[in-house]
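Have a look at the structure below, then the notes.
The values are calculated or read from the model by the stated rules, or taken from the named source; none is laboratory data. Note that the coordinates shown come from a computational prediction; the quantities given were computed from them, not determined experimentally. Cβ placement follows ideal geometry from the backbone for every residue including glycine, while neighbour counts extend to all protein chains displayed. Protein only, heavy atoms only, side chains kept; ligands, DNA and RNA dropped before computing areas. Shrake-Rupley method; radii C 1.70, N 1.55, O 1.52, S 1.80 Å.
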Amino acid sequence: MRPRLFFLLLALALFALGGVLSWPRAPSEEVRPVRLGPLPEMGVVVAARDIEYCGYHTPCGPGSRTDTIFYLRLEGGEVKGVAIPRDLFSPLVSGKINAAYGRGGPELLKRAVEEATGLVAERHLVLTLKSVARVVDAVGGVEVYLEKPMRYTDRAAKLFIDFPAGPLHLSGEEAVKYMRFRHDALGDYARLDRIKEVVGQVMKRAQDPRTWPALTQALREAWGELDTDLTLEELLIHLPAVRGLRLTLATLPTREGPGTFLYVDEEAKGRFLSAFFGGAPSSSPPRVAVRLRGEPELLAWARLFLAQEGIGAEEEAAHVVKSAVYAQDPEAGAYFADLFHLPFLAPHRPLEGVVVELGRDLLQ
């Protein structure tokens, strides 16, 4: 029998989010979920706007660039997301894809994402950095682990990042800084991996009913800042079906090109998206190297569990702040994510085989 210790991530998280969004905007508005059933298949572009500056140290509010862009596909019991690098060249925009929203609003952004992915984007949800920070604070912040210090200063934008190496607890404002940082060897690719890490952790923390009052208030305050064509009614009609959803996040395959642009790697994209959105995980173990990484007591349990499945694995005792499955092979990653009931995060950084990270969050 597969371990039910790992049933957590989206079951209560998205249920809580749906409950939060059901809060009426006015006393006269009363919206209730009316039927059971799976979520409809839907492609949603989710993006976060940067900050516009009128002058030195003078923020004017949300900017026109969307420096964080995801394509999310709702498929019945799963949510699969593809992160799109901000420096991707878009022929439709005649420039970087992060300029699409400023030049043509959400419709041009959706068309540019469709052009890049070949997938249909029916809806959009554009957030601000302030609203992201509010939500992170509402769930009590996030835990991260830095192998080396993270430092960057932009005095004109009043952006000061100075995080030491080691385990850290980040507030909403600090988490936004952590996600905005892109001054390392992998640049925007590493930034997208950090964003995927924070998104997965926030959704997990939102499962705790103790976070719901603060999350409710944060989203009520942030709702007016959102640019979206999603309605409360269409979300709430499927509210009972969000229990048990699985989360999978990856990055669109790209290649470097002239200037500061990235370009879609068309050959790799076809193979990757076909496997990523290709259906249910395989019923038999994939032939890949598996490494268990995490707390010693969890490693011992996972070793025995995998042995029952006929799977051998290397082990590494390590401090893990959040549990997940990492792989660049979508099929292998999906198999082990389903096996352990953990989110699957496909990083851009080089990674051999499959890594299953097991942290103390699973014992809380």
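Residue by residue through segment 293-342, note down the ones that are farther than 14 Å from ARG246 by Cα, touching a helix residue (DSSP H, G or I) at 6+ places or on another chain (Cβ under 8 Å) and aromatic (Phe, Trp, Tyr).
The one that is farther than 14 Å from ARG246 by Cα, touching a helix residue (DSSP H, G or I) at 6+ places or on another chain (Cβ under 8 Å) and aromatic (Phe, Trp, Tyr): TYR326.
Considering segment 322-336 alone, what residues qualify as being under 25 Å from LEU146 (Cα atoms) and not in a loop (DSSP other than H, G, I, E, B)?
ALA324, VAL325, TYR326, ALA327, GLY333 - these are the residues of segment 322-336 that are under 25 Å from LEU146 (Cα atoms) and not in a loop (DSSP other than H, G, I, E, B).
Could you give me the residue pairs with C-beta distances under 6 Å whose first residue belongs to segment 205-219 and is assigned to a loop (DSSP other than H, G, I, E, B), whose second residue is surrounded by 16 or more Cβ atoms within 10 Å (Cβ to Cβ) and modelled with pLDDT of 80 or more wherever it lies, and which are 6+ apart or on separate chains?
From residues that are assigned to a loop (DSSP other than H, G, I, E, B), the pairs are ALA206/VAL139.
Give, as residue ranges, the helices (runs of 4 or more DSSP H) completely inside segment 95-199 that count at least 1 residues that are small (Gly, Ala, Ser) and surrounded by fewer than 17 Cβ atoms within 10 Å (Cβ to Cβ).
Filter on segment 95-199 gives 100-117.
Note down all Cβ pairs under 6 Å where the first residue falls in segment 263-274 and is surrounded by 15 or more Cβ atoms within 10 Å (Cβ to Cβ), the second is assigned to a helix (DSSP H, G or I) and of a type in the set (Gly, Ala, Ser), and they're at least six residues apart or on different chains.
Going by the 6 Å Cβ cut-off, the qualifying pairs are VAL264/ALA116.
Sort out which residues of segment 337-360 are open to solvent by 20 Å² or more (accessible area, probe 1.4 Å), of a type outside the set (A, V, I, L, M, F, W, C) and either modelled with pLDDT under 80 or assigned to a loop (DSSP other than H, G, I, E, B) (or both), and write them in order of number.
Once the filter is applied, which keeps residues that are open to solvent by 20 Å² or more (accessible area, probe 1.4 Å), of a type outside the set (A, V, I, L, M, F, W, C) and either modelled with pLDDT under 80 or assigned to a loop (DSSP other than H, G, I, E, B) (or both), segment 337-360 yields HIS341, HIS348, ARG349, PRO350, GLU352, GLY353, ARG360.
Hey, any hits in segment 308-321 for a residue that's under 27 Å from VAL202 (Cα atoms), touching a residue at least 60 places away in the same chain (Cβ under 8 Å), part of a helix (DSSP H, G or I) and open to solvent by less than 40 Å² (accessible area, probe 1.4 Å)?
no
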